[in-house]
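This report concerns only the one structure given below.
Bear in mind these aren't lab numbers, they're just calculated from the coordinates by the rules spelled out. Note that this is a predicted model, so its numbers are computed, not measured. Quick reminder, even Gly has a Cβ in these numbers, built from the backbone with ideal geometry, and neighbours come from all protein chains shown.
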Amino acid sequence: MARAIGTGTHFFGLPAKEGRVLYLEVDTPEQLAASRLRSSPPAPNVWWEFMEPLSIPNVTPEQHSILREAKEIARPDVVFVNTLRKVHDLDDKDSRAPKLVYSFFRHLFPTSALVFVHHMRKTHQDPKAVVDQKEGFSGANNWLNDAQTGLHLETFSGERENLRLYHVKSQVSATLRPLPLFLDTSAEAALSSPLFTELSGALDVMNDTLIETGEVSSGVLDSLISARIGVSPSTAKKRRLDIEGRRFPGSRLFLG
């Protein structure tokens with residue numbers, strides 16, 4: 001998502017306005033994150049700052065200095081904070097905690113959009129395992145209630161997807177369907193969207209056919225889409241109808 005903003009392209013069909021991004025990493029060790037980043041193309045306009053976890057509201061002068069310097073260098077339009085549970089020592093159940101944490105970052109980055117990565121309550125395969133209390137309450141609704149927008153990324157068991165991204169709090173939550181994603185852990189955490197790939201391919205076929213031959217029957221068009229993107233005719237029909245009905249993420253970006 002940070003790369004999509006930095007390049008001003010799109011996040012699997014969801015349009016992104018180009019901007020400068022600061023990614024504050026206070027959770028994943030720099031050595032581990034660096035190995036993942038090296039496997040991906042460089043992200044323009046994206047700056048990374050690795051630092052030790054914070055203890056809002058008791059942030060040390062040294063940590064303040066690091067954050068201010070990162071702000072001056074990146075001049076970010078968007079700031080990602082990974083993760084929320086690593087920037088404070090407050091009680092997640094306390095309704096005042098989100099206000100204190102959000103206010104701290106709003107005061108520090110008054111002209112930036114803020115994106116907080118937050119873990120929901122983690123589960124264990126072992127039913128007898130004890131869940132850490134802090135982790136157990138990390139999914140409190142207080143954090144979502146005080147945010148303007150909420151996205152929920154969850155695991156999914158599908159043939160071609162293992163993640164789904166939901167809009168759980170936004171102006172389009174009721175109309176925008178989940179975005180299916182596939183995380184290939186064998187390829188250094190490469191992320192893709194089978195649905196977006198099919199829609200892009202189907203749109204190319206529809207545009208090429210219109211330019212080359214003009215109007216054709218829907219059946220012929222479905223056959224051409226099926227052959228080009230390697231899906232069944234029924235799936236090709238679904239993708240054509242998705243495009244014609246603008247029922248997919250980023251339809252305005254592609255169809256005007």
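Assorted remarks:
- With θ taken as phi - 60° and the Karplus curve 6.51 cos²θ - 1.76 cosθ + 1.60 applied, the whole-hertz 3J(HN,Hα) list for segment 223-235 is 5, 5, 5, 4, 5, 6, 9, x, 10, 5, x, 5, 5 Hz, x standing for glycine and proline.
- Gyration tensor (alpha-carbon) shape descriptor, segment 2-147, a/c threshold 1.5: prolate
- Label-to-label distance, nm, for residues given as residue 107 and residue 168 (7 Å Cα→Cβ offset): 2.9 nm
- Shape category assigned to segment 195-255 from the gyration tensor of Cα positions, a/c cut at 1.5: oblate
- Computed from phi, the 3J(HN,Hα) profile of segment 28-44 under the Karplus parametrisation 6.51, -1.76, 1.60 (θ = phi - 60°) reads 6, x, 4, 4, 6, 5, 4, 5, 6, 5, 5, 7, 10, x, x, 9, x Hz, with x in place of Gly and Pro.
- With Cα atoms, 0 to 90° folded angle of helix 96-108 axis to the chain main axis: 80 degrees
- Sites residue 120 and residue 38 - FRET efficiency at Förster radius 25 Å, r taken between beta-carbons, to 0.05: 0.30
- The chain: angle of helix 61-74 to the longest principal axis, Cα-based, in degrees nearest 10: 30 degrees
- Near the amide H of residue 153, within less than 5 Å, lie the amide hydrogens of 166, all on another chain or at least 5 residues away, with H placed in the peptide plane.
- Here the translational diffusion coefficient of the chain follows from Stokes-Einstein with Rh set to the Kirkwood radius across Cα pairs; for 37 °C and 0.692 mPa s it amounts to 158 µm²/s.
- Distant-in-sequence amide H partners of residue 116 (H built 1.01 Å from N, under 5 Å): 81
- For segment 76-86, Karplus couplings with θ = phi - 60° (6.51, -1.76, 1.60), whole Hz, Gly/Pro x: x, 7, 9, 10, 9, 10, 10, 10, 4, 6, 9
- Relative packing of peptides 71-81, 96-106, 30-40 - highest average C-beta neighbours within 10 Å first: 71-81, 96-106, 30-40
- Amide H to amide H distances under 5 Å link residue 216 with no residue, where only residues 5 or more positions off or on other chains count and H is placed in the peptide plane.
- Mean residue ellipticity (222 nm) of the chain, computed from DSSP H runs ≥ 4 via -39,500 (n - 2.57), nearest 500: -11500 deg cm²/dmol
- Label-point separation, residue 95 to residue 65 (7 Å along Cα→Cβ), nm: 4.0 nm
- Length gained on full extension, residue 215 to residue 177, computed as 0.36 nm times the residue gap minus the Cα-Cα distance: 10.7 nm.
- Point-to-point label distance, residue 50-residue 28, nm (Cα→Cβ direction, 7 Å offset): 1.1 nm
- Virtual paramagnetic centre 7 Å along Cα→Cβ of residue 232, amide N under 20 Å, in segment 151-172: 157-162
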